[in-house]
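Working notes for the structure below.
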Amino acid sequence: NKSQDSGIAEMEELPVPHNIKISNITCDSFKISWDMDSKSKDRITHYFIDLNKKENKNSNKFKHKDVPTKLVAKAVPLPMTVRGHWFLSPRTEYTVAVQTASKQVDGDYVVSEWSEIIEFCTADYSKVHLTQLLEKAEVIAGRMLKLSVFYRNQHKEYFDYTREHHGNALQPSVKDNSGSHGSPISGKLEGIFFSCNTEFNTGKPPQDSPYGRYRFEIAAEKLFNPNTNLYFGDFYCMYTAYHYVILVIAPVGSPGDEFCKQRLPQLNIKDNKFLTCDEEDGVMVYHHAQDVILEVIYTDPVDLSLGTVAEITGHQLMSLSTANAKKDPSCKTCNISVGR
């Protein structure tokens, strides 16, 4: 499939790239190298790199394609770093092919045939990117309010199943794809979601919930204490005025703790803008940020006997559910400048 572009001549002399290698992949950059025959190598002045998002089987074949997809780059020693030439998205599959080219006196290019097409996938956000998100979240977290319990709402059947099939212990499950597209915990970290926000006027959990009419409540110190580590996981909104912060609580040395230590910024449990645990007069005291909705993931099983299960008196507000919720990519408050 030789190039059909106007103004580009076709000559067989230029070597065709082969054995393409992609390395050093991040959420918004990669390195590319390839092998070439030595013939006419000294005539190469440029590389043409054609990069495309891999077509989703369900995508609309007639929709307008992202343009431009072709990068014209000066011939530099390989491997060549591709960064900032496109707005690469994290955790996204791409296809790439390469031509060598020789710029002529009249401005036209002589080009080789295209290489084979290869596929690769960009990486998740690194700790550096998550720290940028963390800093943005800190700006809007607001003042701290006291809390005394963590709580988890579900349907009655969920708790019945837990008692019958899991020995009365809530089991961690893999986190869904809600939040930032580049989040390293989505689809990978196992945990149990808890809430901890309180109502400003009562200091207690709200009586409404999107997740079910039955609520498991557990004293804060049973899940969050000096024997646990706290990590920042994500910051996002769903086309709404309010924002969500995901935090992870992991018992020190547990598999969840090891997973997070490698991928997430760790927070000081006594001093951070979101959720704190400190001792005052021999008693553990807990605070949470007022102006964000905290979603807390606990990475170990939790026995129901450590707390209570009761029916809430409020409503089940399904519209507030964040299950697999897509992040608003245009929000300036909770997006960082790398790919989305």
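The values are calculated or read from the model by the stated rules, or taken from the named source; none is laboratory data. Being a predicted model, the structure only gives us computed values, none of them experimental. Note: ideal-geometry Cβ built from the backbone for every residue, glycine included; neighbour counts use all protein chains shown. Note: accessible area is taken over every heavy atom of the protein model, side chains too, but ligands, DNA and RNA are not part of it. Shrake-Rupley method; radii C 1.70, N 1.55, O 1.52, S 1.80 Å.
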- Peptides ranked, highest mean first, by Cβ atoms within 10 Å: ranges 268-275, 230-237: 230-237, 268-275
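With every protein chain left in place, what is the accessible area per residue of region 188-340 in square angstrom, probe 1.4 Å? Intermediate values should be presented prior to the final figure.
Numbers: 7130 Å² over 153 residues.
Per residue, region 188-340 has 47 Å² of solvent-accessible surface.
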- Message: Computed from the coordinates I sent, Kirkwood radius over Cα pairs in Å equals one of (i) 23.1; (ii) 20.8; (iii) 19.6. Tell me the label.
- Response: (i)
- Task: Please state the charge dipole magnitude for region 168-239, taken about the Cα centre, from unit charges on C-beta atoms (+1 on K and R, -1 on D and E), reported in debye and rounded to the nearest 20.
- Result: 100 debye
- Message: With unit charges on the beta carbons (Lys and Arg positive, Asp and Glu negative) and the dipole taken about the Cα centre of the chain, which residue among GLN104, LEU294, GLY191 sits farthest to the positive side?
- Response: GLN104
- Query: Among LYS127/LYS261; LYS188/LYS222; LYS31/LYS188; LYS136/LYS261; LYS136/LYS332, which pairs are too far apart, with a Cα-Cα distance over 19 Å?
  - Reply: LYS188/LYS222; LYS31/LYS188; LYS136/LYS261
- Magnitude of the charge dipole, the chain, Cβ model with Lys/Arg +1 and Asp/Glu -1, debye to 20: 560 debye
- Cβ-derived FRET efficiency at R0 45 Å, GLU55 paired with ASP278, nearest 0.05: 0.30
- Could you list which residues have their amide H under 5 Å from that of GLY179, counting only those 5 or more apart in sequence or on another chain, with H placed in the peptide plane? ALA325, LYS327
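Could you compute the net charge surrounding THR198? Neighbours are other residues with a C-beta less than 10 Å from the C-beta of THR198; K and R count +1, D and E count -1.
After counting each charged neighbour, the total is +1.
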- Task: Just the number, please: carbon plus sulfur as a percent of the accessible area of region 196-303, 1.4 Å probe, no ligands or DNA/RNA counted.
- Result: 48 percent
- For an R0 of 35 angstrom, estimate the FRET efficiency from the Cβ-Cβ distance between GLU119 and TYR239 and round to the nearest 0.05. 0.65
